[in-house]
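Chemist: Below: one structure in C-alpha coordinates.
The values are calculated or read from the model by the stated rules, or taken from the named source; none is laboratory data. On a predicted model such as this, the values are computed, not experimentally measured, just so you know. Quick reminder, even Gly has a Cβ in these numbers, built from the backbone with ideal geometry, and neighbours come from all protein chains shown.
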Amino acid sequence: MKRNLIIDTIIDSGLIPPASVVIAGVSGGPDSLCLLHALNSIADMYDLMIEPVHVNHMLRPEAAAECEHLEDICFRMDLDLRVYEASCSDLATELGVSVEEAGRQMRYEIFDEVAAEFEEDGIPPEKIVIAVAHNADDQAETVLFRLLRGTGPHGLAGIPAVRASAAGYTIVRPLLGVERSDIEAYIKENRLKPNIDKSNSDNKYTRNRIRNELIPYLEKNFNPKIKENLRRYAELASMDDAVIREFAIADYIGNITIDPDREEAVLNTADLKSNPVPVNSRIVGLIFDLLKLESCATYENISAVTGLIYNDHPSAGIDLPFGIRARKEYDRIVFSANEEVIAPDTSISIHPQVIMAKDFAPVEDAPYAAFDFDKFNEEYPGRLGDLVLRTRREGDYLPIRHGKKKIQDLLVDSKVRKAARDSILMVCIGSEVLWVLPSRYFSREPEKTKGRYSPKFHITDKTKRVLLIELDETL
(Lines give C-alpha, C1' and ligand atoms only; values in the text may rest on other atoms or scores of the structure.)
Protein backbone atom coordinates (compact mmCIF):
# COMPACT_ATOMS: atom_id res chain seq x y z
CA MET A 1 0.00 0.00 0.00
CA LYS A 2 1.28 3.43 -0.96
CA ARG A 3 1.65 5.64 2.12
CA ASN A 4 1.12 9.39 2.13
CA LEU A 5 0.26 12.21 4.50
CA ILE A 6 -3.47 11.48 4.62
CA ILE A 7 -3.12 7.77 5.34
CA ASP A 8 -0.27 8.32 7.81
CA THR A 9 -2.37 10.91 9.67
CA ILE A 10 -5.32 8.53 9.97
CA ILE A 11 -3.13 5.69 11.21
CA ASP A 12 -1.12 7.85 13.61
CA SER A 13 -4.25 9.42 15.09
CA GLY A 14 -5.25 6.10 16.65
CA LEU A 15 -8.90 7.07 16.20
CA ILE A 16 -9.80 4.00 14.16
CA PRO A 17 -9.52 0.80 16.26
CA PRO A 18 -8.37 -2.33 14.37
CA ALA A 19 -11.12 -4.83 13.55
CA SER A 20 -13.83 -2.19 13.85
CA VAL A 21 -16.88 -1.16 11.86
CA VAL A 22 -16.39 2.33 10.45
CA ILE A 23 -19.56 4.18 9.51
CA ALA A 24 -18.24 6.82 7.13
CA GLY A 25 -20.44 9.84 6.51
CA VAL A 26 -20.00 10.77 2.85
CA SER A 27 -21.52 13.66 0.96
CA GLY A 28 -19.39 12.90 -2.08
CA GLY A 29 -17.48 16.17 -1.71
CA PRO A 30 -13.67 16.33 -1.66
CA ASP A 31 -13.26 15.96 2.13
CA SER A 32 -15.55 12.99 2.67
CA LEU A 33 -14.41 11.27 -0.53
CA CYS A 34 -10.79 11.63 0.55
CA LEU A 35 -11.62 10.11 3.95
CA LEU A 36 -13.59 7.24 2.42
CA HIS A 37 -10.86 6.38 -0.09
CA ALA A 38 -8.13 6.53 2.58
CA LEU A 39 -10.11 4.37 5.01
CA ASN A 40 -10.77 1.84 2.28
CA SER A 41 -7.06 1.79 1.47
CA ILE A 42 -6.18 0.62 4.99
CA ALA A 43 -9.22 -1.60 5.50
CA ASP A 44 -7.47 -4.90 4.76
CA MET A 45 -4.40 -4.03 6.82
CA TYR A 46 -6.47 -3.16 9.91
CA ASP A 47 -9.38 -5.54 9.35
CA LEU A 48 -11.88 -2.73 9.00
CA MET A 49 -15.43 -2.97 7.73
CA ILE A 50 -16.19 0.29 5.94
CA GLU A 51 -19.86 1.25 5.76
CA PRO A 52 -20.37 4.44 3.72
CA VAL A 53 -23.58 6.35 4.51
CA HIS A 54 -24.98 9.17 2.39
CA VAL A 55 -27.91 11.37 3.39
CA ASN A 56 -29.71 13.12 0.53
CA HIS A 57 -31.30 16.19 2.10
CA MET A 58 -33.40 16.79 -1.03
CA LEU A 59 -32.48 20.47 -1.10
CA ARG A 60 -30.83 20.81 -4.51
CA PRO A 61 -31.99 19.58 -7.93
CA GLU A 62 -28.59 18.05 -8.65
CA ALA A 63 -28.64 15.96 -5.42
CA ALA A 64 -30.03 12.83 -7.11
CA ALA A 65 -27.35 12.87 -9.83
CA GLU A 66 -24.63 13.42 -7.21
CA CYS A 67 -25.96 10.44 -5.27
CA GLU A 68 -25.75 8.23 -8.38
CA HIS A 69 -22.19 9.42 -8.96
CA LEU A 70 -21.26 8.56 -5.38
CA GLU A 71 -22.85 5.11 -5.70
CA ASP A 72 -20.68 4.50 -8.77
CA ILE A 73 -17.54 5.58 -6.87
CA CYS A 74 -18.38 3.23 -3.99
CA PHE A 75 -19.07 0.40 -6.42
CA ARG A 76 -15.57 0.82 -7.88
CA MET A 77 -14.19 0.70 -4.31
CA ASP A 78 -16.16 -2.53 -3.78
CA LEU A 79 -18.28 -0.80 -1.14
CA ASP A 80 -22.05 -0.76 -0.76
CA LEU A 81 -23.33 2.77 -0.22
CA ARG A 82 -26.26 3.24 2.13
CA VAL A 83 -28.45 6.06 0.87
CA TYR A 84 -31.07 7.80 3.00
CA GLU A 85 -33.49 10.43 1.77
CA ALA A 86 -34.85 12.87 4.30
CA SER A 87 -36.30 16.34 3.86
CA CYS A 88 -34.35 18.89 5.87
CA SER A 89 -36.97 21.50 5.10
CA ASP A 90 -39.71 19.46 6.78
CA LEU A 91 -37.59 18.80 9.87
CA ALA A 92 -36.52 22.45 10.05
CA THR A 93 -40.19 23.45 10.03
CA GLU A 94 -41.06 20.82 12.65
CA LEU A 95 -38.24 21.87 14.99
CA GLY A 96 -38.25 25.56 14.13
CA VAL A 97 -34.51 25.60 13.30
CA SER A 98 -32.43 26.48 10.24
CA VAL A 99 -32.22 24.03 7.35
CA GLU A 100 -28.48 23.63 8.01
CA GLU A 101 -29.02 22.72 11.67
CA ALA A 102 -31.86 20.35 10.74
CA GLY A 103 -29.57 18.63 8.24
CA ARG A 104 -26.82 18.22 10.82
CA GLN A 105 -29.23 16.71 13.35
CA MET A 106 -30.67 14.40 10.72
CA ARG A 107 -27.28 13.09 9.61
CA TYR A 108 -26.16 12.21 13.12
CA GLU A 109 -29.50 10.59 13.93
CA ILE A 110 -29.09 8.38 10.87
CA PHE A 111 -25.49 7.54 11.75
CA ASP A 112 -26.73 6.46 15.20
CA GLU A 113 -29.45 4.31 13.62
CA VAL A 114 -26.87 2.53 11.44
CA ALA A 115 -24.58 2.03 14.44
CA ALA A 116 -27.47 0.57 16.44
CA GLU A 117 -28.13 -1.95 13.66
CA PHE A 118 -24.56 -3.20 13.88
CA GLU A 119 -24.77 -3.44 17.66
CA GLU A 120 -27.99 -5.45 17.33
CA ASP A 121 -26.06 -7.78 14.99
CA GLY A 122 -23.57 -8.48 17.78
CA ILE A 123 -20.82 -5.90 17.13
CA PRO A 124 -19.57 -4.51 20.47
CA PRO A 125 -20.27 -0.75 20.63
CA GLU A 126 -16.61 -0.01 21.33
CA LYS A 127 -15.84 -1.53 17.92
CA ILE A 128 -18.22 0.84 16.12
CA VAL A 129 -17.00 4.28 15.11
CA ILE A 130 -18.67 7.04 13.11
CA ALA A 131 -16.10 8.84 10.97
CA VAL A 132 -16.73 12.30 9.54
CA ALA A 133 -14.43 14.43 7.44
CA HIS A 134 -13.91 17.78 9.17
CA ASN A 135 -10.43 19.06 8.38
CA ALA A 136 -7.92 21.58 9.73
CA ASP A 137 -9.40 24.44 7.69
CA ASP A 138 -12.83 23.65 9.12
CA GLN A 139 -11.28 23.88 12.58
CA ALA A 140 -9.80 27.31 11.91
CA GLU A 141 -13.06 28.59 10.42
CA THR A 142 -15.05 27.28 13.39
CA VAL A 143 -12.79 28.95 15.96
CA LEU A 144 -12.97 32.29 14.12
CA PHE A 145 -16.74 31.95 13.70
CA ARG A 146 -17.23 31.31 17.42
CA LEU A 147 -14.82 34.07 18.37
CA LEU A 148 -16.83 36.55 16.31
CA ARG A 149 -20.01 35.41 18.03
CA GLY A 150 -18.52 35.88 21.49
CA THR A 151 -18.06 32.32 22.70
CA GLY A 152 -16.28 31.34 25.90
CA PRO A 153 -13.13 29.21 26.37
CA HIS A 154 -15.04 25.97 25.85
CA GLY A 155 -16.28 27.16 22.45
CA LEU A 156 -12.82 28.34 21.45
CA ALA A 157 -11.61 24.76 21.89
CA GLY A 158 -13.16 24.21 18.46
CA ILE A 159 -14.25 20.92 16.94
CA PRO A 160 -13.25 17.90 19.05
CA ALA A 161 -11.40 15.06 17.36
CA VAL A 162 -13.49 12.58 19.36
CA ARG A 163 -16.89 12.90 20.96
CA ALA A 164 -19.86 10.73 21.86
CA SER A 165 -22.99 10.81 19.74
CA ALA A 166 -26.46 11.27 21.24
CA ALA A 167 -26.81 7.48 21.39
CA GLY A 168 -23.37 7.01 22.94
CA TYR A 169 -21.41 5.84 19.88
CA THR A 170 -17.95 7.27 19.17
CA ILE A 171 -17.66 9.99 16.52
CA VAL A 172 -14.13 10.56 15.20
CA ARG A 173 -12.60 13.12 12.86
CA PRO A 174 -9.37 11.58 11.54
CA LEU A 175 -8.68 14.48 9.13
CA LEU A 176 -8.95 17.25 11.70
CA GLY A 177 -5.20 17.89 11.48
CA VAL A 178 -5.09 17.81 7.65
CA GLU A 179 -5.23 21.00 5.62
CA ARG A 180 -7.67 21.36 2.73
CA SER A 181 -4.78 21.77 0.29
CA ASP A 182 -3.46 18.33 1.26
CA ILE A 183 -6.91 16.83 0.73
CA GLU A 184 -7.06 18.40 -2.72
CA ALA A 185 -3.63 16.96 -3.51
CA TYR A 186 -4.82 13.49 -2.40
CA ILE A 187 -7.91 13.81 -4.61
CA LYS A 188 -5.76 14.73 -7.59
CA GLU A 189 -3.13 12.05 -6.93
CA ASN A 190 -5.76 9.32 -6.74
CA ARG A 191 -7.79 10.67 -9.67
CA LEU A 192 -10.96 10.92 -7.66
CA LYS A 193 -13.91 12.89 -8.97
CA PRO A 194 -15.78 14.43 -6.05
CA ASN A 195 -19.11 16.20 -6.15
CA ILE A 196 -18.82 19.96 -5.85
CA ASP A 197 -21.51 21.70 -3.82
CA LYS A 198 -21.95 25.11 -5.43
CA SER A 199 -23.65 26.45 -2.29
CA ASN A 200 -20.20 26.47 -0.61
CA SER A 201 -19.37 29.55 -2.69
CA ASP A 202 -22.58 31.36 -1.76
CA ASN A 203 -21.49 34.14 0.57
CA LYS A 204 -24.93 34.80 1.97
CA TYR A 205 -23.99 32.23 4.65
CA THR A 206 -21.76 33.58 7.44
CA ARG A 207 -19.46 30.56 7.48
CA ASN A 208 -18.91 30.86 3.73
CA ARG A 209 -18.03 34.55 4.07
CA ILE A 210 -15.49 33.63 6.74
CA ARG A 211 -13.98 30.97 4.47
CA ASN A 212 -14.12 32.86 1.18
CA GLU A 213 -13.62 36.48 2.28
CA LEU A 214 -12.48 37.05 5.86
CA ILE A 215 -9.70 34.44 6.16
CA PRO A 216 -8.14 35.32 2.76
CA TYR A 217 -8.24 38.99 3.80
CA LEU A 218 -6.53 38.24 7.11
CA GLU A 219 -3.93 36.06 5.37
CA LYS A 220 -3.14 38.81 2.88
CA ASN A 221 -3.18 41.83 5.17
CA PHE A 222 -2.31 40.57 8.65
CA ASN A 223 -0.85 37.08 8.96
CA PRO A 224 -0.37 34.44 6.24
CA LYS A 225 -0.41 31.80 8.98
CA ILE A 226 -3.74 32.86 10.51
CA LYS A 227 -5.35 29.43 9.99
CA GLU A 228 -2.41 27.67 11.61
CA ASN A 229 -2.54 30.07 14.56
CA LEU A 230 -6.29 29.61 15.00
CA ARG A 231 -5.86 25.82 15.03
CA ARG A 232 -3.03 26.08 17.55
CA TYR A 233 -5.18 28.35 19.70
CA ALA A 234 -8.01 25.78 19.57
CA GLU A 235 -5.60 23.03 20.61
CA LEU A 236 -4.31 25.05 23.57
CA ALA A 237 -7.84 26.10 24.57
CA SER A 238 -8.97 22.48 24.39
CA MET A 239 -6.16 21.33 26.69
CA ASP A 240 -6.80 24.13 29.20
CA ASP A 241 -10.55 23.57 29.09
CA ALA A 242 -10.16 19.83 29.69
CA VAL A 243 -7.99 20.38 32.77
CA ILE A 244 -10.23 23.05 34.29
CA ARG A 245 -13.34 21.02 33.54
CA GLU A 246 -11.82 17.94 35.22
CA PHE A 247 -11.23 19.91 38.43
CA ALA A 248 -14.70 21.45 38.20
CA ILE A 249 -16.47 18.11 37.75
CA ALA A 250 -14.68 16.62 40.76
CA ASP A 251 -15.68 19.55 43.01
CA TYR A 252 -19.17 19.65 41.55
CA ILE A 253 -19.84 15.99 42.31
CA GLY A 254 -18.50 16.36 45.84
CA ASN A 255 -20.44 19.49 46.76
CA ILE A 256 -23.83 19.31 45.04
CA THR A 257 -27.03 17.95 46.54
CA ILE A 258 -30.11 17.50 44.35
CA ASP A 259 -33.79 17.28 45.23
CA PRO A 260 -35.47 16.39 41.88
CA ASP A 261 -39.01 16.52 43.27
CA ARG A 262 -38.60 20.12 44.40
CA GLU A 263 -36.40 20.98 41.41
CA GLU A 264 -33.85 22.29 43.88
CA ALA A 265 -30.09 22.06 43.99
CA VAL A 266 -27.82 23.00 46.88
CA LEU A 267 -24.15 23.82 46.33
CA ASN A 268 -21.90 23.63 49.41
CA THR A 269 -19.40 26.44 49.05
CA ALA A 270 -17.14 26.07 52.10
CA ASP A 271 -14.50 24.11 50.15
CA LEU A 272 -14.89 26.16 46.95
CA LYS A 273 -13.82 29.61 48.17
CA SER A 274 -10.16 28.76 47.67
CA ASN A 275 -10.76 27.67 44.07
CA PRO A 276 -9.72 29.91 41.18
CA VAL A 277 -12.66 31.71 39.56
CA PRO A 278 -12.42 29.70 36.28
CA VAL A 279 -12.99 26.42 38.15
CA ASN A 280 -15.96 27.74 40.07
CA SER A 281 -17.49 29.33 36.98
CA ARG A 282 -17.38 25.88 35.33
CA ILE A 283 -19.13 24.43 38.39
CA VAL A 284 -21.84 27.07 38.08
CA GLY A 285 -22.15 26.20 34.38
CA LEU A 286 -22.73 22.56 35.30
CA ILE A 287 -25.50 23.66 37.69
CA PHE A 288 -27.11 25.68 34.90
CA ASP A 289 -27.10 22.50 32.79
CA LEU A 290 -28.64 20.57 35.67
CA LEU A 291 -31.42 23.14 36.11
CA LYS A 292 -32.08 23.27 32.35
CA LEU A 293 -30.86 26.83 32.10
CA GLU A 294 -28.30 26.26 29.33
CA SER A 295 -29.85 28.96 27.16
CA CYS A 296 -29.42 31.43 30.04
CA ALA A 297 -25.77 30.58 30.74
CA THR A 298 -24.55 34.02 29.71
CA TYR A 299 -21.35 35.62 30.93
CA GLU A 300 -23.40 37.94 33.14
CA ASN A 301 -25.47 35.18 34.79
CA ILE A 302 -22.52 32.81 35.31
CA SER A 303 -20.36 35.62 36.73
CA ALA A 304 -23.12 36.80 39.06
CA VAL A 305 -23.71 33.34 40.55
CA THR A 306 -19.98 32.60 40.75
CA GLY A 307 -19.62 35.80 42.75
CA LEU A 308 -21.98 34.39 45.40
CA ILE A 309 -19.41 31.70 46.20
CA TYR A 310 -16.94 34.38 47.32
CA ASN A 311 -19.56 36.73 48.82
CA ASP A 312 -19.39 36.85 52.63
CA HIS A 313 -22.91 38.20 53.01
CA PRO A 314 -24.92 35.28 54.46
CA SER A 315 -28.13 36.01 52.58
CA ALA A 316 -27.15 37.46 49.21
CA GLY A 317 -29.22 36.33 46.27
CA ILE A 318 -29.71 36.61 42.51
CA ASP A 319 -32.86 36.17 40.44
CA LEU A 320 -32.30 34.00 37.36
CA PRO A 321 -34.58 33.41 34.36
CA PHE A 322 -37.66 31.17 34.54
CA GLY A 323 -38.43 31.97 38.16
CA ILE A 324 -35.25 30.47 39.62
CA ARG A 325 -33.44 32.19 42.46
CA ALA A 326 -29.91 31.50 43.64
CA ARG A 327 -29.77 32.49 47.30
CA LYS A 328 -26.83 32.38 49.68
CA GLU A 329 -27.41 30.61 53.00
CA TYR A 330 -24.08 30.95 54.80
CA ASP A 331 -21.81 28.24 53.31
CA ARG A 332 -24.20 27.08 50.67
CA ILE A 333 -26.12 28.37 47.66
CA VAL A 334 -29.67 27.14 47.15
CA PHE A 335 -31.02 27.09 43.60
CA SER A 336 -34.78 26.78 43.85
CA ALA A 337 -37.57 26.91 41.30
CA ASN A 338 -40.69 28.97 41.58
CA GLU A 339 -43.05 26.36 42.99
CA GLU A 340 -46.18 28.31 42.08
CA VAL A 341 -47.90 26.64 39.12
CA ILE A 342 -48.13 29.02 36.17
CA ALA A 343 -51.60 29.33 34.67
CA PRO A 344 -52.30 29.30 30.92
CA ASP A 345 -53.18 32.49 29.06
CA THR A 346 -56.98 32.41 28.83
CA SER A 347 -57.12 35.40 26.48
CA ILE A 348 -56.02 33.30 23.51
CA SER A 349 -58.37 31.40 21.20
CA ILE A 350 -57.90 29.75 17.82
CA HIS A 351 -59.37 30.63 14.45
CA PRO A 352 -59.18 27.60 12.09
CA GLN A 353 -60.14 28.16 8.46
CA VAL A 354 -59.86 26.28 5.17
CA ILE A 355 -58.52 28.25 2.23
CA MET A 356 -57.28 27.43 -1.25
CA ALA A 357 -53.54 26.89 -1.45
CA LYS A 358 -53.21 29.71 -3.98
CA ASP A 359 -54.71 32.11 -1.41
CA PHE A 360 -52.45 31.01 1.44
CA ALA A 361 -50.70 34.18 2.61
CA PRO A 362 -50.58 34.39 6.42
CA VAL A 363 -49.26 37.39 8.30
CA GLU A 364 -45.50 36.77 8.34
CA ASP A 365 -44.66 37.74 11.92
CA ALA A 366 -47.82 36.37 13.54
CA PRO A 367 -47.75 32.82 14.97
CA TYR A 368 -49.81 30.38 12.93
CA ALA A 369 -49.96 26.73 11.87
CA ALA A 370 -50.79 25.45 8.40
CA PHE A 371 -51.57 21.91 7.24
CA ASP A 372 -52.82 20.07 4.16
CA PHE A 373 -56.57 20.09 4.79
CA ASP A 374 -57.35 17.18 2.47
CA LYS A 375 -54.87 14.94 4.29
CA PHE A 376 -56.37 16.03 7.61
CA ASN A 377 -59.93 15.50 6.38
CA GLU A 378 -59.07 12.03 5.08
CA GLU A 379 -58.12 10.95 8.59
CA TYR A 380 -60.65 13.08 10.44
CA PRO A 381 -63.59 13.46 8.01
CA GLY A 382 -65.97 16.24 8.95
CA ARG A 383 -64.20 16.90 12.26
CA LEU A 384 -62.72 20.34 11.68
CA GLY A 385 -64.98 21.58 14.45
CA ASP A 386 -63.38 19.14 16.90
CA LEU A 387 -60.12 21.10 16.91
CA VAL A 388 -59.64 22.57 20.37
CA LEU A 389 -57.13 24.75 22.15
CA ARG A 390 -56.25 23.39 25.57
CA THR A 391 -53.48 22.40 27.95
CA ARG A 392 -51.97 18.92 28.21
CA ARG A 393 -53.81 15.78 29.24
CA GLU A 394 -52.72 12.23 29.94
CA GLY A 395 -52.09 10.40 26.66
CA ASP A 396 -51.45 13.49 24.51
CA TYR A 397 -48.84 13.04 21.79
CA LEU A 398 -47.24 14.94 18.91
CA PRO A 399 -46.58 13.01 15.66
CA ILE A 400 -42.90 13.04 14.66
CA ARG A 401 -41.04 11.70 11.65
CA HIS A 402 -40.61 8.18 13.04
CA GLY A 403 -43.75 7.76 15.12
CA LYS A 404 -45.05 9.93 17.92
CA LYS A 405 -43.80 11.62 21.06
CA LYS A 406 -45.60 12.01 24.37
CA ILE A 407 -46.25 15.64 25.21
CA GLN A 408 -44.79 15.05 28.67
CA ASP A 409 -41.53 13.87 27.07
CA LEU A 410 -41.54 16.76 24.62
CA LEU A 411 -41.90 19.34 27.39
CA VAL A 412 -39.12 17.71 29.41
CA ASP A 413 -36.80 17.50 26.37
CA SER A 414 -37.63 21.12 25.50
CA LYS A 415 -36.60 22.10 29.05
CA VAL A 416 -39.94 23.56 30.07
CA ARG A 417 -39.90 23.98 33.82
CA LYS A 418 -42.27 21.77 35.79
CA ALA A 419 -44.22 24.76 37.14
CA ALA A 420 -44.86 26.04 33.62
CA ARG A 421 -45.83 22.82 31.84
CA ASP A 422 -49.55 23.24 32.47
CA SER A 423 -49.42 26.72 30.96
CA ILE A 424 -48.43 25.43 27.50
CA LEU A 425 -51.36 25.61 25.07
CA MET A 426 -51.85 23.10 22.25
CA VAL A 427 -54.17 22.69 19.27
CA CYS A 428 -55.53 19.15 19.53
CA ILE A 429 -57.99 16.75 17.99
CA GLY A 430 -58.59 14.06 20.56
CA SER A 431 -55.18 13.10 21.98
CA GLU A 432 -53.32 14.07 18.82
CA VAL A 433 -51.53 17.42 18.95
CA LEU A 434 -51.17 19.40 15.74
CA TRP A 435 -49.52 22.50 17.13
CA VAL A 436 -47.80 23.23 20.43
CA LEU A 437 -48.11 26.98 20.70
CA PRO A 438 -45.06 29.17 21.27
CA SER A 439 -44.22 30.03 24.87
CA ARG A 440 -41.51 31.99 26.64
CA TYR A 441 -41.00 28.96 28.89
CA PHE A 442 -39.36 26.93 26.11
CA SER A 443 -35.57 27.09 26.26
CA ARG A 444 -34.93 27.47 22.51
CA GLU A 445 -35.72 30.62 20.60
CA PRO A 446 -37.61 28.93 17.69
CA GLU A 447 -39.99 27.23 20.12
CA LYS A 448 -40.48 30.52 21.96
CA THR A 449 -41.59 32.27 18.76
CA LYS A 450 -43.17 29.47 16.67
CA GLY A 451 -43.81 26.48 18.91
CA ARG A 452 -43.72 22.91 17.55
CA TYR A 453 -45.69 21.55 14.61
CA SER A 454 -46.88 18.10 13.64
CA PRO A 455 -45.28 17.00 10.35
CA LYS A 456 -48.14 14.57 9.69
CA PHE A 457 -50.24 16.80 7.43
CA HIS A 458 -47.47 18.99 6.06
CA ILE A 459 -48.05 21.13 3.01
CA THR A 460 -46.46 20.13 -0.32
CA ASP A 461 -46.57 21.51 -3.85
CA LYS A 462 -49.54 19.17 -4.43
CA THR A 463 -51.63 20.68 -1.63
CA LYS A 464 -54.92 22.08 -2.89
CA ARG A 465 -56.56 23.27 0.32
CA VAL A 466 -54.83 24.59 3.42
CA LEU A 467 -56.01 24.27 7.01
CA LEU A 468 -54.80 27.56 8.49
CA ILE A 469 -54.92 27.98 12.25
CA GLU A 470 -54.39 31.51 13.51
CA LEU A 471 -54.68 32.93 17.00
CA ASP A 472 -57.23 35.38 18.30
CA GLU A 473 -56.45 37.31 21.45
CA THR A 474 -59.32 38.66 23.54
CA LEU A 475 -58.43 42.07 24.90
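Chemist: Please determine whether any residue of region 127-142 is of a type in the set (Asp, Glu), in the same structural domain as Leu218 (by TED's automatic domain parsing) and closer than 18 Å to Gly14 by Cβ.
Modeler: No, the conditions are met nowhere in region 127-142.
Chemist: Determine, yes or no, whether Val427 is within 26 Å of the chain's Cα centre (by Cα) and either part of a strand (DSSP E or B) or within 18 Å of Pro446 (Cβ to Cβ) (or both).
Modeler: No: the conditions fail for Val427.
Chemist: Answer yes or no as to whether Met426 is of a type outside the set (Lys, Arg), at pLDDT 85 or above, within 16 Å of Leu468 (Cβ to Cβ) and not assigned by TED's automatic domain parsing to the domain that holds Pro321.
Modeler: no
Chemist: Being touching a strand residue (DSSP E or B) at 6+ places or on another chain (Cβ under 8 Å) and in a loop (DSSP other than H, G, I, E, B) is the filter here, so list the residues in region 42-54 that pass it.
Modeler: Listed by number, the list holds a single entry, Leu48.
Chemist: The conditions are (1) buried (at least 21 other Cβ atoms within 10 Å of the Cβ); (2) within 17 Å of the chain's Cα centre (by Cα), and Ala38 fails exactly one of them. Which is it?
Modeler: Just one mismatch for Ala38, condition (2).
Chemist: Can you pull out the residues in region 115-126 that are in a helix (DSSP H, G or I) and either more than 22 Å from the chain's Cα centre (by Cα) or surrounded by fewer than 20 Cβ atoms within 10 Å (Cβ to Cβ) (or both)?
Modeler: Passing the criteria: Ala116, Glu117, Phe118, Glu119, Glu120, Pro125, Glu126.
Chemist: Among the numbered criteria (1) at pLDDT below 90; (2) surrounded by 14 or more Cβ atoms within 10 Å (Cβ to Cβ); (3) touching a helix residue (DSSP H, G or I) at 6+ places or on another chain (Cβ under 8 Å); (4) not aliphatic (A, V, I, L, M), which single criterion is violated by Ser238?
Modeler: For Ser238, the failing item is (3).
Chemist: Any idea which of (1) crowded, with 18+ Cβ neighbours inside 10 Å; (2) under 30 Å from Thr460 (Cα atoms); (3) among the hydrophobic types (A, V, I, L, M, F, W, C) is the one Met58 doesn't satisfy?
Modeler: Result: Met58 fails condition (1) only.
Yes/no matrix, rows are residues, columns are (1) outside the structural domain of Glu141 (by TED's automatic domain parsing); (2) of a type in the set (D, E, K, R); (3) over 30 Å from Ala420 (Cα atoms); (4) touching a strand residue (DSSP E or B) at 6+ places or on another chain (Cβ under 8 Å):
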position: Glu235; (1), (2), (3), (4): yes, yes, yes, no
position: Ala248; (1), (2), (3), (4): yes, no, yes, no
position: Tyr310; (1), (2), (3), (4): yes, no, yes, no
position: Ser315; (1), (2), (3), (4): yes, no, no, yes
position: Ile318; (1), (2), (3), (4): yes, no, no, yes
position: Ile324; (1), (2), (3), (4): yes, no, no, yes
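Chemist: Just give me the residues in region 21-36 being over 14 Å from His134 (Cβ atoms) and touching a Phe, Trp or Tyr at 6+ places or on another chain (Cβ under 8 Å), in sequence order.
Modeler: Val21, Ile23, listed by residue number.
Chemist: Do you know which residues across region 32-57 are within 16 Å of Arg107 (Cα to Cα) and in contact (Cβ under 8 Å) with a residue 60 or more places away in the chain?
Modeler: Ser32, Glu51, Val53
Chemist: Restricting the search to region 260-274, which residues are at pLDDT 90 or above and within 21 Å of Leu293 (Cβ to Cβ)?
Modeler: Across region 260-274, the qualifying residues are Val266, Leu267, Asn268, Thr269, Leu272.
Chemist: Picking from Val143, Val129, which residue would you name as being modelled with pLDDT of 95 or more, over 16 Å from the mean Cα position of the chain (by Cα) and among the aliphatic types (A, V, I, L, M)?
Modeler: Result: Val129 is the single residue among Val143, Val129 that is modelled with pLDDT of 95 or more, over 16 Å from the mean Cα position of the chain (by Cα) and among the aliphatic types (A, V, I, L, M).
Chemist: Of Glu470, Glu447, which residue is of a type outside the set (A, V, I, L, M, F, W, C), surrounded by 15 or more Cβ atoms within 10 Å (Cβ to Cβ) and more than 19 Å from Thr346 (Cα to Cα)?
Modeler: Glu447
Chemist: Which condition breaks for Tyr310 when tested against (1) loosely packed, with under 11 Cβ neighbours inside 10 Å; (2) in contact with a Lys or Arg (Cβ under 8 Å, 6 or more places away or on another chain)?
Modeler: The failed condition is (1).
Chemist: Sticking with this structure for a sec: In a strand (DSSP E or B) and within 28 Å of the chain's Cα centre (by Cα): does that describe Lys415?
Modeler: No, not satisfied.
Chemist: So Tyr368 clears everything in (1) hydroxyl-bearing (Ser, Thr, Tyr); (2) outside the structural domain of Pro438 (by TED's automatic domain parsing); (3) closer than 26 Å to Cys428 by Cβ except one condition, right? Which one?
Modeler: Failed condition: (2).
Chemist: With a cut-off of at least 1 residues that are surrounded by 17 or more Cβ atoms within 10 Å (Cβ to Cβ) and touching a residue at least 60 places away in the same chain (Cβ under 8 Å), name the strands (runs of 3 or more DSSP E) lying wholly within region 325-402.
Modeler: Those strands (runs of 3 or more DSSP E) span 332-336, 348-356, 368-372.
Chemist: Could you list, in sequence order, the residues of region 17-41 that are outside any helix (DSSP H, G or I) and either touching a helix residue (DSSP H, G or I) at 6+ places or on another chain (Cβ under 6 Å) or at pLDDT 95 or above (or both)?
Modeler: Passing the criteria: Pro18, Ala19, Ser20, Val21, Val22, Ile23, Ala24, Gly25, Val26, Gly28.
Chemist: Please name all residue pairs, on different chains or six or more residues apart, with Cβ atoms under 6 Å, provided the first residue is in region 447-469 and is assigned by TED's automatic domain parsing to the domain that holds Pro352 and the second residue is modelled with pLDDT under 90 and of a type in the set (Phe, Trp, Tyr).
Modeler: Taking only residues 6 or more apart or on different chains, the pairs are Lys448/Phe442; Val466/Phe360.
Chemist: For region 216-245, what are the residues that are over 26 Å from the mean Cα position of the chain (by Cα) and hydrophobic (A, V, I, L, M, F, W, C)?
Modeler: The answer is Leu218, Phe222, Ile226.
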